[in-house]
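Notes to accompany the following structure.
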Amino acid sequence: MFYYPHDFKMTRNTLHCERVPIHQIVEEVGTPVYVYSYKTLVDHFRKLKSAFKKIKPLICFSVKSNGNMAILKLLVGEGAGLDIVSGGELYKAVRAGCPGERIVYASVGKTPQEIKEALKAKIFFFNVESAAELDLINSIAVQKKVVVNVALRFNPDVDAKTHKHITTAVKSSKFGIDAKTVHEIFANHASYPGIRFSGIHMHIGSQITQAAPFIEAVRKAGNMIEEGRKLGVAVDHLNLGGGLGIIYQNEEPQSPQGFADAISPLIEKLGVKLILEPGRFIVGNAGALITKVIYVKESHHKRFAVVDAGMNDLLRPALYEAYHEVVPVNHNAKALDDSLNYDVVGPVCESADVFARDRKLGQLESDHLLAIFGAGAYGSVMASNYNGRLRPAEVLVKGNQWEVIRRRESMKDLTRYDVEEVSFLDNGNHRKAKRKTAKKSVKSLH
Ligand code: LLP
């Protein structure tokens, strides 16, 4: 009755990640905690790689979906490149040991500083999102006497048939450059001496379950590439972005092989090298958020399981009304009383702080553990301290071993960056006091 993703399985009525019982992790690390399966992560990367083995694309894991350093390092070790969107992600990518030639950089708002840092790291490509950004990169490149690889992010105007907040390639979207402008830039390519126009980039949306929107987008990009070639621009890369959908509930996403079989012939015909930027496909179902029931709250209308994770830990249900499977960590499927329905809610002071509605979860009590699946992508990366809550720990499981890959935040972390003493708010008393102690410590030096 529940959907168990890949390497999360019930064995002897208790949930395991690979061979580790979840309750064992909780006993040491507490809740809420994100738990990831090494095997799922690596399997998914390898599945995609082998589905496309004929055309050998560069697969750049999308750091925005999960930026944990241990996860980045293990994927880079598998041969993945990284898709980044900020100076912060560049810093992490370099620290994770990703060679520059495997880093591609998107984002509608790269700052001059970020562009310079990416040049220093010798990244493979900038995925350029506007004519204004192109001008800036060109002038920085000319100044530094280098020629920079650029893929224009083309907005193909296709409907990816997914949630409106994660659709990115329709005319009204802030992302990408429309066909006419791409054409104008290509026609004008000689006036960008600092730019090598070596690619077209697209990202048409996320959680896309069918091949059709990708095929339509590749066709449109193909026309764009042909046009470029006619205008003297040797475009030899097509970056198809991310977007592959996964199962959260009962979706039937295309298989990696089906996707590869649909796309590869088009790429071969175009004579370009393919780049992919998957995030969710690799890490989404590799992770679960484990939380503990604090109270079961019953009113005359409803039954709530109030848990110790909140929307600050996993924002997707509140932000997108996203469905995530919720499963009791310890239960006997045969004996489960399915007459009991719960809304699973967090402690945050927001009505949107609801993980699941009307779920049959059996007889829940305080201290029972629940697993929220599909939390590996856009989970911990979107966590915050809202309501003074500590961001959760993260654990990586491999076989029967496990290790904390991010420690739980502490109370001290909550005030770490705040300046508590503001001198102009206490008539300078604080500053005077500070000066006195400074004088004293100078005296004590003599
Ligand atoms: N490449 C680019 C340029 C992107 O903007 C994205 C995601 C990806 C690749 C990776 O897409 P994926 O393979 O993961 O679908 N927070 C939302 C998803 C936002 C996606 C943003 N861009 C969610 O939780 O559903």
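Remarks
- Multiplying the residue separation of Ser191 and Asn387 by 0.36 nm and subtracting their alpha-carbon distance yields 65.4 nm.
- Accessible surface of the chain, 1.4 Å probe, proportion on carbon and sulfur as whole %: 52 percent
- Value of Rg to Rh for the chain (Rh from inverse mean 1/r over Cα pairs, i.e. Kirkwood): 1.04
- For Lys174 and Val419, the FRET efficiency from 1/(1 + (r/R0)^6), where r spans their Cβ atoms and R0 equals 22 Å, is about 0.05.
- Amide H to amide H distances under 5 Å link His201 with Leu152, Arg153, Phe154, Asn239, where only residues 5 or more positions off or on other chains count and H is placed in the peptide plane.
- Length gained when the stretch Glu101-Ala212 is fully extended (0.36 nm per residue, less Cα-Cα span): 36.9 nm
- Greater than 30 Å apart at Cα, pairs in Lys54/Lys120; Lys47/Lys73; Lys49/Lys220; Lys47/Lys230: Lys54/Lys120; Lys47/Lys230
- Of interest is the spacing of the C-alpha centroids, which for the range 8-24 and the range 262-288 amounts to 31 Å.
- Backbone N within the range 185-214 under 14 Å of label point (7 Å from Val142 Cα along the Cβ vector): 189-196
- Placing a label point 7 Å from the Cα of Asn400 along the Cα-to-Cβ direction, the residues of the range 9-53 whose backbone N falls under 13 Å from that point are 19-21.
- The alpha carbon centroids of the range 165-241 and the range 353-427 are separated by 38 Å.
- Point-charge dipole on Cβ atoms (K/R +1, D/E -1) for the range 38-281, about Cα centre, debye to 20: 620 debye
- Based on protein heavy atoms only, the chain ends up with 48 Å² per residue of surface accessible to a 1.4 Å probe.
- With both residues required to sit in the range 38-281, DSSP beta bridges show an antiparallel share near 5%.
- Cross-link partners of Lys9 among aspartates and glutamates (Cα-Cα below 14 Å; sequence separation of 8 or more within a chain): Glu18, Glu325
- Between the beta carbons of Met411 and Arg19, assuming R0 = 35 Å, the FRET efficiency works out to 0.55 to the nearest 0.05.
- Förster-model FRET efficiency, 41 Å R0, Glu350 and Glu78, C-beta, rounded to 0.05: 0.60
The values are calculated or read from the model by the stated rules, or taken from the named source; none is laboratory data. The structure displayed is predicted, hence computed values, not measured ones. A quick note on method: Cβ atoms are made from the backbone with ideal geometry, for glycine too, and the neighbour counts reach across all protein chains shown. Side chains are part of the model used for accessible areas, which takes the heavy atoms of the whole protein and leaves out ligands, DNA and RNA. Shrake-Rupley method; radii C 1.70, N 1.55, O 1.52, S 1.80 Å.
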